[in-house]
1. Picking from S241, S209, S274, S265, which residue would you name as being within 18 Å of the chain's Cα centre (by Cα), of a type in the set (G, A, S) and more than 30 Å from L31 (Cα to Cα)?
2. Mind checking which pairs have a first residue in the stretch 299-314 that is in contact (Cβ under 8 Å) with a residue 40 or more places away in the chain and a second that is outside any helix (DSSP H, G or I) and surrounded by 23 or more Cβ atoms within 10 Å (Cβ to Cβ), Cβ under 6 Å, 6 or more apart or different chains?
3. Would you mind listing the helices (runs of 4 or more DSSP H) fully within the stretch 277-330 where at least 2 residues are modelled with pLDDT of 90 or more, within 18 Å of the chain's Cα centre (by Cα) and of a type in the set (V, I, T)?
4. Somewhere in the stretch 110-133, is a residue of a type in the set (A, V, I, L, M, F, W, C), assigned to a helix (DSSP H, G or I) and in contact with a Pro (Cβ under 6 Å, 6 or more places away or on another chain)?
5. Could you check the stretch 95-112 and list, in sequence order, the residues that are in contact with a Lys or Arg (Cβ under 8 Å, 6 or more places away or on another chain) and under 19 Å from S241 (Cα atoms)?
6. Which condition does F89 not pass, out of (1) under 21 Å from F202 (Cβ atoms); (2) in a helix (DSSP H, G or I); (3) at pLDDT below 80, if it passes all the others?
7. For the stretch 24-54, name all the residues that are charged (D, E, K, R) and either surrounded by fewer than 15 Cβ atoms within 10 Å (Cβ to Cβ) or outside any helix (DSSP H, G or I) (or both).
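The values are calculated or read from the model by the stated rules, or taken from the named source; none is laboratory data. Keep in mind the model is a prediction, meaning the values are calculated, not measured. FYI the Cβ positions are ideal-geometry reconstructions off the backbone, even for glycines, and counts take in every protein chain you see.
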Amino acid sequence: MNFDVILSPFKFIFSLPEYIIEPITFLPDFLKDALIDSLNLLPFLFLMFVFIEWIEIYFTKKKHLFVFFMKKIGPLFGSLFASIPQCGFSVIASTLYTRRILSRGTLLSVYLATSDEAIPIIISEPAKAYLVLPIIVIKVLVAITAGYLVDLLFNYKANEPAQLNKADVQLHEKGCCHHDIAETPNAKDLWIHPIKHTLNIFAFILIVSIVLGYVLSIAGTEENLAKYCLINSPLQPFFASILGLIPNCAISVVLTLLYLKHTISFGSLIAGLSSAGGLGLLILLTRNNDKKDTAIIIAFLVVISSLIGIVIQNNIFNINHIFTILGINV
């Protein structure tokens, strides 16, 4: 079988952005590079989001089982489900927590394991796709461990919501593209939402790539830019974890692109993605009546995310050797 013949249409498609944009002489080089790189990601992102939409559709039909298992085996189940790259689980987990259906440890485990758009973006870069395994493994293990430890050691009784009735336990929350997570989707959602999601993330990637390209053109080299961003400093994972708290899926895009541009360390990427609870944090901030409880959860997120980021960045306990054995260089 001649694989060159099979791959030739794909090579043609991926060469189109460069073929069209490169001859435009009035565009600066950093803008050309941002446009070409962003457009090359479009087909990968769309395929990934179609796949994720299938998962969300299946989950929507089984949401009663999700709630059941989240209550029974909390952090373990929450971490595994939250590792699937989408924002819906953190939103639902936050909603359930504000109604005191889930434990604090379970909510933390969902936040820590959530990766939002990081996984699709990394998979869209074939040369970096190997990073998906260590990111998911590290985040899930940290999430499970932290979730059970928090439930075991920090027994704070959060204030109960006012009064619950049957309607209160129904889920009617909006996802990142303002689609209703809880409703059973119709057939067109399989295409409409992935298209909207792809265009939204494409816009985020393009804007961030343009800004990074411009800054890089001023800084001169990626190494210079990395120095300005405190590369290898213990402060970088801390700042990344603070950045991750911004309740928007664009933050995971920013963190991932910063790492792919060699501007932040792998430890800082993990720190930022671990604290990035996405829109779930917005639900917690606006719906949780116990503000002290909200502050404690956010403090746990920052501390845990920063610590794991520092451990990985400085290879404490020789932790990175585990992935080196598997042929993965983080």
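1. Numbers: S241 fails: more than 30 Å from L31 (Cα to Cα); S209 fails: more than 30 Å from L31 (Cα to Cα); S265 fails: more than 30 Å from L31 (Cα to Cα).
Selected residue: S274, the only one of S241, S209, S274, S265 that is within 18 Å of the chain's Cα centre (by Cα), of a type in the set (G, A, S) and more than 30 Å from L31 (Cα to Cα).
2. Q313/S265
3. The helices (runs of 4 or more DSSP H) meeting that bar are 291-313.
4. So far as the stretch 110-133 goes, yes, one or more of its residues are of a type in the set (A, V, I, L, M, F, W, C), assigned to a helix (DSSP H, G or I) and in contact with a Pro (Cβ under 6 Å, 6 or more places away or on another chain).
5. Hit for the stretch 95-112 is L112, nothing else.
6. If we test F89 against (1) under 21 Å from F202 (Cβ atoms); (2) in a helix (DSSP H, G or I); (3) at pLDDT below 80, just (1) comes out false.
7. Step one: filter the stretch 24-54 for residues charged (D, E, K, R), giving 29, 32-33, 37, 53.
Residue satisfying the conditions is D29 alone.
Listed here are the residues, each with its yes/no results for (1) of a type outside the set (A, V, I, L, M); (2) crowded, with 18+ Cβ neighbours inside 10 Å.
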site: L199; (1), (2): no, no
site: A203; (1), (2): no, no
site: V211; (1), (2): no, no
site: T221; (1), (2): yes, no
site: Q236; (1), (2): yes, yes
site: L243; (1), (2): no, yes
site: N248; (1), (2): yes, no
